[in-house]
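We did not get these values from a lab; they are worked out from the coordinates using the rules stated. Quantities reported herein were computed from a predicted structural model and do not represent experimental measurements. With ideal geometry, Cβ positions are generated from the backbone for all residues, glycine too; neighbour counts draw on all protein chains shown.
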Amino acid sequence: MLFGKIDIARPLCLAPMEDVSDPPFRRLCKDYGADVLYTEFVSCEAAIRNVKSEIAKFDITEYERPIGIQLYGSNPDSMERAAALAEAAGAPDFIDVNCGCWVRKIAGRGDGAGLLRDLNRLRGAVAAVQRGTSLPVTVKTRLGWDDGSIVILELAPMLADMGIQSLTVHCRTRAQGYSGKADWTWLPRIKEAAPSLPLIANGDICTPQDAEICFNLGCDGVMIGRAAMEQPWVFRAMRHYMDYGELLPEPSLDERKEMCIAHLYAHVAFRGTPRGIYSFRRHYGGYLKGAAYVAQLRRDLMTLTDVEDIVERIRAFEDER
Ligand SMILES: Cc1cc2nc3c(=O)[nH]c(=O)nc-3n(C[C@H](O)[C@H](O)[C@H](O)COP(=O)(O)O)c2cc1C
């Protein structure tokens, strides 16, 4: 399937994740085999007001291609202008429109998943982005607002008619947030409703077998969020399974420690200290998952504030086992 002009068969995509999918994390996932990257979402309103922290999210590198910049908003004028800015500033391969964010401050004011309550507004938002850019436009969404208003089977053909390049569906409703399990049984029905529209499955795809199930359900691509946050090497495992039908052994504790340290250095170099030290704390859990006698190490990692002390503490960990 196409991402901009780049053709990738059965792509493994890294999900857009606010405060996670920053440049060092995207690079790491790409190193581990992610085929397609998305930026964190960018507020159209903030971008057109030239808010520096939002504009900075337009920065991408050649190594990351194909990559999409994700925008959220609902005011057509702002969306059109922000799309033009994203294209001019970042020159991504495509622009993705967020129609799935469930958090109250975004969905509640009609942006993100709030657009699912009014498909005409959603159409207007996507059309505005298409007017603002010459790049292909993609959409990422959920099944609908709640169980009583699932609109995806109506939405998919509408977006196909609008000429979007691909559709990513997180197989939950907005009301579900992250509760329950993503319902992949919708995937073949979406494909049937819009056969020509490339479909990317999202939600609870954590293992190589999960990815295979979604491809077997007729999806053209899969998108991985939280599992990549915990195990950025999951892309390598998925690709190996798809190519050879066998599961790679899990990286050893020593390998995971070194991956963690490399990620920590890149993260702190990008975010600075002490901010990067604090924001990296959410990543330790994934790297240390399954390790024995880890409680004291975890406590130390939540208190240490010097990067070299942290590295030393992580490297010393095996001695305690
Ligand atoms: C920390 C975090 C931040 C997220 N930020 C975004 C975002 O900026 N844009 C977006 O479309 N989805 C965002 N999501 C949703 C994910 O892209 C994805 O749709 C969701 O986590 C389900 O996939 P998963 O089960 O593989 O995690 C975020 C999710 C998490 C956990």
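Among beta bridges identified by DSSP and lying wholly in the chain, the antiparallel ones come to about 10 percent. Please name whichever of GLY33, TRP233, LEU115 sits farthest to the positive end of the charge dipole of segment 2-244, dipole taken about the Cα centre and charges placed at Cβ: Lys and Arg +1, Asp and Glu -1. Of the candidates, LEU115 comes out farthest on the positive side. Between ARG131 and SER53, the contour length at 0.36 nm per residue exceeds the Cα-Cα span by 25.6 nm. Dipole magnitude for segment 253-320: about 500 debye, using +1 per Lys or Arg Cβ and -1 per Asp or Glu Cβ, origin at the Cα centre. Simple point charges give the picture: +1 on the Cβ of Lys and Arg, -1 on the Cβ of Asp and Glu, and for the chain a dipole about the Cα centre of about 800 debye. Sorting GLU62, GLU80 from the fewest to the most surrounding beta carbons within 10 angstrom yields GLU62, GLU80. Projecting the Cα atoms of ALA292, PRO274, ILE261 onto the charge dipole of segment 253-320, computed from C-beta unit charges around the Cα centre, puts PRO274 farthest toward the positive end. Among VAL139, VAL311, VAL42, the residue with the largest mean-square fluctuation in a Gaussian network model of the chain, with springs joining Cα atoms closer than 10 Å, is VAL311. Each Lys or Arg adds one and each Asp or Glu takes one away; over the other residues whose Cβ falls under 11 Å from the Cβ of THR141, this sums to +3. Does anyone have the angle between helix 119-132 and the longest principal axis of the chain? Alpha-carbon axes, 0 to 90°, nearest 10? The answer is roughly 80 degrees. Considering only GLU230, GLU45, GLU258, the mean-square fluctuation computed in a Gaussian network model of the chain, springs between alpha carbons under 10 angstrom, is largest for GLU258. Rounded to the nearest 0.05, the FRET efficiency derived from the C-beta distance between ILE261 and LEU153 at R0 = 41 Å is 0.30. Taking 30 Å as the limit for the C-alpha separation, the pairs LYS30/LYS140; LYS191/LYS257; LYS105/LYS140; LYS105/LYS181; LYS181/LYS289 exceed it in the case of LYS191/LYS257. Springs join every pair of Cα atoms under 10 Å in this Gaussian network model of the chain, and among SER21, SER196, SER74 the largest mean-square fluctuation is at SER196. Karplus-based coupling profile of segment 28-40, in residue order and whole Hz: 4, 5, 5, 4, 8, x, 5, 8, 9, 10, 10, 6, 4, with θ = phi - 60° in 6.51 cos²θ - 1.76 cosθ + 1.60 and x standing for Gly or Pro.
Summing charges over neighbours of SER196, with a neighbour being any other residue whose Cβ is under 14 Å away from its Cβ, gives -2 when K and R count +1 and D and E count -1.
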